[in-house]
Amino acid sequence: MSAITVQNFSYAYQHPHKVLDHITLHVESGSFTALLGPSGAGKTSLCLAVAGAIPHYFGGSLSGTVTVGGTVTTDSSMPELACTVGSVLQDYEIQLVTMTVEEEIAFSLENQGMSEADIARCTRETLAAVGLTGYEKAEVASLSGGQKQRLAIGSVLAANPSVLVLDEPSSALDPEGTATLYQLLGALNKQRGLTILVVEHNITQLLPYADQFILLDQGKVVQAGSPETVLTTMWTKSITPEALPPLWQLKLSLEAQTGCKLAAWRNEQEAIDELMAVLAKEARHYA
Amino acid sequence: MMQKFAPLTKLLLTLFITLWSIMLQSMTALGLLIAGQLLLLVASQVRATVYKGIASLLLFAALLAGIQLALSGDTTLAITTALKMTAMTLVFFILLATTRMQDLSIALVSQCRVPHEYAFMLTAALRFIPDFLNESKAIQEAQACRGYRSQGNPLKRLTAYAAILKPLVLKAVSRSETMALSLELRGFANRRMSSFRSRVVLTARDYAAVMVMTGLSVFILNFC
């Protein structure tokens with residue numbers, strides 16, 4: 001079942017400068033999808049279209065449709081869409097608007113008109129899900145960058161959306177914070193069946209979790225499919241090949257130079273295992 | 001102690017103390033008003049940072065008295081003005097240090113009939129003070145690397161401060177736009193804020209406090 005369907009969608013903030021040009025794609029329910037592409041490719045605009053901010057907040061000119069959870073975004077309002085799509089913006093700190101952690105979670109629930117008892121229960125559950133139990137009374141300003149990012153995710157998760165959209169969530173995090181963040185997103189995807197759509201430049205961190213990549217360039221979909229298909233396209237068509245994980249740069253170089261076909265490595269261990277097997281086979285061959 | 005009162009009672013206290021500060025002319029009475037407020041803060045066991053803020057307030061009041069004295073030459077007027085300003089401002093320390101912002105916001109919306117967008121602005125503004133200060137520090141450091149120095153006479157310093165102020169304001173405007181978007185994305189437009197009304201309901205303690213404050217106002221009006 002499709003969680004997000006974009007059908008022949010074009011959009012311009014100011015006519016006639018299109019930032020999205022005839023986009024057609026499907027994101028399956030429960031999938032972990034990454035939006036890739038160079039700066040200005042239209043990744044953020046596509047996220048905003050899925051959240052309904054395009055066109056409800058930004059206006060502009062559009063054609064085609066974006067359907068989320070069976071609802072066409074243009075036929076719905078942003079508060080209604082907020083129940084289906086949770087959005088974490090690139091500047092996540094500005095998204096945190098209350099003084100304390102528990103108030104931040106409660107804020108989303110109050111927007112839905114939830115009762116006090118339900119808010120208390122939901123707040124407990126959400127803080128546990130994002131690993132912030134014990135921080136209920138902590139002031140938002142006192143949290144670290146990684147904790148603030150998790151709180152921002154928790155604040156939208158509390159509304160129980162079926163789709164979570166994140167725009168470059170690791171841009172202000174250190175490598176350790178990024179790894180922890182993706183572990184959390186991976187767990188939410190697997191355990192809750194949450195559909196995740198994430199804009200990310202750090203493909204290495206995404207590889208263990210993402211099952212679909214969408215490559216955008218100049219407002220158009222260049223390729224959508226498995227990580228292997230999209231990363232190979234990036235390499236062969238030279239679309240930001242620098243963004244490819246070093247592991248994949250090695251894999252694709254080896255494939256190009258040796259002609260052998262290697263598996264779709266998701267982490268270093270998989271690469272080590274396969275390369276050792278290949279080398280052992282070669283050694284046996286020459287022995 | 002003050003935490004036990006409803007936010008509306010504390011808002012009324014703020015209003016009453018402001019009125020009393022305007023009505024009272026005697027230095028002794030104003031001194032007693034300030035001492036009473038300090039006692040309330042001590043009894044409420046507020047955080048140490050609040051006292052740091054009060055120390056800055058007292059310093060500012062002394063400065064104000066000095067300027068007033070220099071301009072008018074009237075010592076009584078200078079001291080009375082400083083005392084009035086201190087008394088009026090201290091009550092905001094009591095209000096903000098002993099009330100959860102969320103509760104204050106609920107009280108403003110549900111009891112004072114303030115539109116929730118305006119009540120939210122109050123809480124959001126307070127939430128972003130530390131971020132704003134950090135931003136200011138970062139810009140100062142960045143400009144210092146490019147030769148910015150806050151030295152010289154006050155006029156030179158003020159002119160030089162434009163180098164900090166301009167990026168700070170532009171960044172704040174840009175961030176406020178992002179915040180507006182994020183609020184829309186979180187369904188703020190549909191906000192009803194009915195959930196926590198029970199937290200701000202007035203009790204017998206609150207009604208008693210309001211009666212005492214009204215009685216004191218009548219007394220001040222007739223005898224001071």
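What follows draws every value from the coordinates through simple rules; no lab data is involved. Small disclaimer: the values here were computed from a predicted structure and weren't measured. Positions of Cβ are generated from backbone atoms using ideal geometry, with glycine treated the same way; all protein chains shown enter the neighbour counts.
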Requested in this report: Let me know the longest stretch in chain A that avoids all trypsin sites (Lys or Arg not before Pro) found in a DSSP loop with at most 11 other C-beta atoms within 10 Å.
Outcome: A:1-136
Query - B:121, A:99 arranged by Cβ crowding within 10 Å, fewest neighbours leading - result: B:121, A:99
Query raised in the report: Cα to Cα, under 28 Å, and not fewer than 8 places away if on the same chain: which lysines meet these conditions relative to residue B:84?
Result: B:4, B:10, B:52
Query raised in the report: To the nearest 0.05, how large is the calculated FRET efficiency for residue B:217 and residue B:42 if R₀ is 25 Å and r is the Cβ-Cβ distance?
Result: 0.55
**Report entry** On Cα atoms only, tilt of A:227-236 relative to the major axis of chain A in degrees
**Finding:** 60
Query - Value of relative contact order over the stretch A:2-237, rounded to a whole percent, pairs C-alpha under 8 Å and six or more apart - result: 28
Requested in this report: Taking the dipole about the Cα centre of the protein assembly as shown, with the C-beta of Lys and Arg at +1 and of Asp and Glu at -1, give me whichever of B:18, A:187, B:3 is farthest to the positive side.
Outcome: B:18
Query raised in the report: Quick one: if the Förster radius is 45 Å, what FRET efficiency do residue B:55 and residue A:61 give, using the C-beta to C-beta distance and rounding to 0.05?
Result: 0.20
Requested in this report: Take each complete run of DSSP H in chain B, measure how far its Cα atoms stretch along the helix's own axis, and keep only those covering 15 Å or more with mean Kyte-Doolittle hydropathy at least 1.0; list them.
Outcome: B:7-23, B:27-43, B:48-72, B:75-98, B:204-223
Query - Local net charge near residue A:18, Cβ-Cβ under 15 Å (Lys/Arg +1, Asp/Glu -1) - result: 0
Query - Acute angle (nearest 10 degrees) that the helix A:145-157 long axis makes with the longest principal axis of chain A, alpha-carbon atoms - result: 70
Query raised in the report: Which whole number gives the average, over all residues in B:115-128, of C-beta atoms from other chains lying within 10 Å of the residue C-beta?
Result: 2
Report summary line: So, relative contact order of chain B in percent, Cα under 8 Å, 6 or more apart, is 33
Requested in this report: Could you state the angle between the C-alpha long axis of helix A:268-286 and the longest principal axis of the C-alpha atoms of chain A, as a value from 0 to 90 degrees rounded to the nearest 10?
Outcome: 10
**Report entry** Total lysine pairs under 30 Å (Cα atoms) in chain A, excluding pairs fewer than 8 apart on one chain
**Finding:** 22
Report summary line: Distance in nm between residue A:257 and residue B:135 label points, each 7 Å along Cα→Cβ, equals 5.0
Query raised in the report: Counting other Cβ atoms within 10 Å, which chymotrypsin sites (Phe, Trp or Tyr not before Pro) in the stretch B:100-209 have at most 13 and lie in a DSSP loop?
Result: none
Query - Principal axis box of the stretch A:152-269, alpha-carbon based, largest edge first, Å - result: 50, 34, 26
Requested in this report: Please return the longest stretch of chain B lacking exposed loop sites, where trypsin sites (Lys or Arg not before Pro) count only if DSSP places them in a loop and at most 14 other Cβ atoms lie within 10 Å.
Outcome: B:48-112
Report summary line: If A:36, A:194 are placed from fewest to most neighbouring beta carbons inside 10 Å, the sequence is A:194, A:36
Report summary line: Calculated from DSSP helices alone, with each H run of at least 4 adding -39500 (n - 2.57) and the total divided by the residues of chain A, [θ]222 nm to the nearest 500 comes to -12500 deg cm²/dmol
Requested in this report: Take the Cβ-Cβ distance between residue B:177 and residue A:21 as r, set R0 to 22 Å, and report the resulting FRET efficiency rounded to the nearest 0.05.
Outcome: 0.30
Report task. Calculate for chain B the 222 nm mean residue ellipticity that helices alone would give, adding -39,500 (n - 2.57) per DSSP H run of length 4 or more and normalising by residue count, nearest 500 deg cm²/dmol. Result -> -26000 deg cm²/dmol
Requested in this report: Could I have the simple spin-label model distance between residue B:142 and residue B:18, label points 7 Å from Cα toward Cβ, reported in nm to one decimal?
Outcome: 3.7
